Each structure stands twice: as C-alpha cells, then as structure tokens.
Amino acid sequence: MSTPTSANGAYLGREDAPPGLLQIASGKVRDLYALDGDRLLLVASDRISAFDVVMNAGVADKGRVLTHIAAHWFERTRDLTPNHLLSTRVEEIPGLDPAWQERLRGRVMITRRCVPDPIEWVVRGYITGSGWKEYLQSGTVCGIALPAGLRQAERLPEPIVTPTTKNEAHDRPLSPDEAAELLGAERWEAGKRLALALYARGAEDMARHGILLADTKFEFGTLDGEVVLIDEALTPDSSRFWPEAAYAVGGSPPSLDKQILRDHLETLDWDKEYPAPDLDPAVLDRVRAGYLDVCRTITGSLPEGVS
Ligand SMILES: Nc1ncnc2c1ncn2[C@@H]1O[C@H](COP(=O)(O)OP(=O)(O)O)[C@@H](O)[C@H]1O
Ligand SMILES: [Mg+2]
C-alpha cells in the first residue's frame, strides 16, 4: 500500500509518525501506537478510504471530526456497554513535545488495548448498498431471508446484524452460522443483542435531529473476559446517514457521509483496486462539508479549532 502524500492541509499520518512512539499498526484511517502498559494510542488521520482503498489525498480535519463524534457516542452509550476510551487529551501522551501535541490535538484516543473480535458487527435498518444488490439476486442479505417486495432504501421490518470478516483486503459477508462458529454461540448472541441496542440508541438520537441511520458497523473486543466496544462508533466512516427530509424509497437517498465519495467514484472508470484515482478537490470539499454537518448535528459542536 502506498503512503498518501499531504495535500490541502490534511494530516495523513503513517510515516509522519510522532517521534518516540512505537507504531504497532496502521489501518486505512488510523495509526496505532503502543503506550505504556495496556494502553493504545489511536491517531485518526485525515485519510479517507472507499471500497477498502485509501485515497491519495485526505479530507482536512476529518480525523478530528471522527474523534469528536466517536467520543460523543462512547459517552452516550456508557449505560449499554463499557468501551475502550480512556482519554482524548494529548497532554496525557507520555513524552510528546508541544509541537506534536498541537498537531495531534483532537485526533487522539488513548484506549485500553483489547483483543479485537475476528468479525465486524454490521447493523442494517434499511436495505441499501451491497445488501440491496444481494437482495435483488437472492431475496437475502448476508444469507438472512427478507420479506419479498422490498424496495431500494426501504426500512427493514426490524434491524438485522450482518457480520463480516475483518483483516482481509475486502470485508467478506459471513452468515450467522459462520459468525457463531468463529466466536462461539454465546458470544455471538450476546454481541448481536449489544449491536442492536447500540444501533437503536444511535438511530433514536439521530431521528430527533432529522437523520436516518441506514446502517452502521461496530467493533467489539475483549479484555480480561469482558466485552468492550472498541474502534469508533456511529461516525460517518462507519455508518450511512441519510437526511430524513430527502429520504425516499426506490433509489439511493442522498447522504451525509462517505457515500458522497462512493457515489462519485461509481461515476469513474475505476476497478476499486489500488491505485486509487486522483480526486477533484471539489469532491473532497463536499465530503468535508458532509462530515462537518453531521458532527454539528450529532454533537451540537465542532472540534476545537475546526470551522
Ligand atoms: N481498543 C482497541 N484495541 C485493539 N485494537 C483496536 C482497538 N480499537 C481499535 N482497534 C483496531 O485499530 C484499527 C483502527 O484503524 P482503522 O484505520 O480503522 O483500521 P481498518 O483499516 O482496519 O479499518 C482497527 O483494526 C481496529 O480493529
Ligand atoms: Mg476502521
């Protein structure tokens, strides 16, 4: 995978690593560092990916916005599940000099280090995207049979959990049986209940702000036998958000999230494999506006220094 180069003030991370920190992994969006003991440092860069491919340019401030939104949800779901977040304060990163503190301010999560589940927990409340494509062919979504006659973007009779693999180049749908086999039946059932409860909380809150939560993805991990919500939650990177005012069945509703980029990419002659196509700055601006909009709506504020 190539390292994206800086553009438009976006922080792209990766080789641009804070001195003195041990990088243990670099995901599509976040760089992970080991802190003392059992703590991790997650730095959200401004990288953006679509179809599991990281674009060459970033979206300025996106990492700050994601961190702000995720922190909001970790607080808001504390009654449903413990989570990994310990702090978002750069001052708590041991040995980081002031210049780097400023650079990383708003992008960091100091977390408990957990063992991530080998699956991703996708919850769908509406039928769209890859789910819609599968339904057209077979009447199922990830192997779950759905009533006949659903229309594109229609609300499902009830939300469903459709797990995928993790750590493969492209996430692959898993049937409920495969997920239960990977995790054990009890963990699978408990995780499903938790994922549905988290979806319901997010959907309910967002409905009050005129946003529909079409679908979203959670990651859980374990620590000393306890199940912990990790990674990010209910952000525009991990979810599809539709403005209720523009919602209609029978098409793909306009979107306030990464879908803006996906829709643009679908108009290009690109095979969804590396190398990524170069993007028009106007597209990146539209994506940025969408992320800021969602952030304001959900949290009532923007991260410090972002406007
Ligand atoms: N508390 C945690 N403990 C261990 N791993 C975590 C924790 N929180 C998040 N992760 C992992 O860190 C990575 C986050 O980086 P990201 O850029 O989202 O990666 P990806 O390309 O896999 O989506 C994910 O692989 C996620 O599973
Ligand atoms: Mg991720």
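The values are calculated or read from the model by the stated rules, or taken from the named source; none is laboratory data. Remember, predicted model here, so these are calculated numbers, not experimental data. Note that we place each Cβ from the backbone using ideal geometry, even for glycine, and neighbour counts take in every protein chain shown.
Overview of values
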{"item": "Every residue from the range 165-180 that is of a type in the set (Gly, Ala, Ser) and in a helix (DSSP H, G or I)", "result": "ALA179, ALA180"}
{"item": "All positions within the range 175-226 that are within 19 Å of LEU80 (Cβ to Cβ), in contact with a Pro (Cβ under 7 Å, 6 or more places away or on another chain) and more than 16 Å from ligand 2 (Cβ to nearest atom)", "result": "LEU196, TYR199, GLU226"}
{"item": "When residues of the range 222-242 are limited to those that are among the polar types (S, T, N, Q) and touching a residue at least 24 places away in the same chain (Cβ under 8 Å), the one surrounded by the fewest Cβ atoms within 10 Å (Cβ to Cβ)", "result": "THR222"}
{"item": "Every residue from the range 187-244 that is closer than 16 Å to LEU42 by Cβ and among the small types (Gly, Ala, Ser)", "result": "GLY221, ALA233, SER238"}
{"item": "Residue that is surrounded by the fewest Cβ atoms within 10 Å (Cβ to Cβ), among those in the range 139-164 that are not in a loop (DSSP other than H, G, I, E, B) and not hydrophobic (A, V, I, L, M, F, W, C)", "result": "GLU158"}
{"item": "Test: LEU40 is surrounded by 15 or more Cβ atoms within 10 Å (Cβ to Cβ), aliphatic (A, V, I, L, M) and farther than 30 Å from LEU279 by Cβ", "result": "yes"}
{"item": "Residue check, VAL141 touching a residue at least 12 places away in the same chain (Cβ under 8 Å) and outside the structural domain of ALA214 (by TED's automatic domain parsing)", "result": "no"}
{"item": "Close pairs (6 angstrom Cβ cut-off, 6 or more residues apart or separate chains): free of Cβ contacts under 8 Å to residues at least 60 places away in the same chain in the range 280-296, assigned to a helix (DSSP H, G or I) and surrounded by 15 or more Cβ atoms within 10 Å (Cβ to Cβ) anywhere", "result": "VAL283/HIS264; ARG286/ILE260; GLY290/ILE260"}
{"item": "Top-ranked residue in the range 254-307 [being surrounded by 15 or more Cβ atoms within 10 Å (Cβ to Cβ) and β-branched (Val, Ile, Thr); ranked as nearest to ASP61 (Cα to Cα)]", "result": "VAL306"}
{"item": "Selection count where residues are over 24 Å from ILE48 (Cβ atoms) and either in contact with a strand residue (DSSP E or B) (Cβ under 6 Å, 6 or more places away or on another chain) or among the polar types (S, T, N, Q) (or both), scope the range 59-82", "result": "3"}
{"item": "Test: LEU279 is under 18 Å from the mean Cα position of the chain (by Cα) and either aliphatic (A, V, I, L, M) or at pLDDT 95 or above (or both)", "result": "no"}
{"item": "Qualifying residues in the range 99-138 (those that are more than 25 Å from GLY13 (Cα to Cα), small (Gly, Ala, Ser) and in contact (Cβ under 8 Å) with a residue 60 or more places away in the chain) - the one nearest to ligand 2 (Cβ to nearest atom)", "result": "GLY129"}
{"item": "Residue match in the range 110-124 (condition: assigned by TED's automatic domain parsing to the domain that holds LEU256, basic (Lys, Arg), out of contact with any Lys or Arg (no Cβ under 8 Å at 6 or more places or on another chain) and surrounded by 17 or more Cβ atoms within 10 Å (Cβ to Cβ))", "result": "yes"}
{"item": "Only listed residue being at pLDDT below 95 and away from ligand 2 (no atom under 15 Å from the Cβ), chosen from LEU80, LEU96, LEU85, LEU41", "result": "LEU96"}
{"item": "Subset of the range 85-130 (residues that are of a type in the set (Gly, Ala, Ser) and under 28 Å from ARG262 (Cβ atoms))", "result": "GLY106, GLY125, GLY129, SER130"}
{"item": "Test: residue in the range 201-217 that is within 15 Å of ligand 1 (Cβ to nearest atom), basic (Lys, Arg) and farther than 16 Å from GLY131 by Cβ", "result": "no"}
{"item": "PRO157, sole failed condition from (1) over 18 Å from the mean Cα position of the chain (by Cα); (2) in contact (Cβ under 8 Å) with a residue 12 or more places away in the chain", "result": "(2)"}
{"item": "Identity of the residue in the range 12-24, of a type in the set (A, V, I, L, M, F, W, C) and within 14 Å of ligand 1 (Cβ to nearest atom), that ends up surrounded by the fewest Cβ atoms within 10 Å (Cβ to Cβ)", "result": "ILE24"}
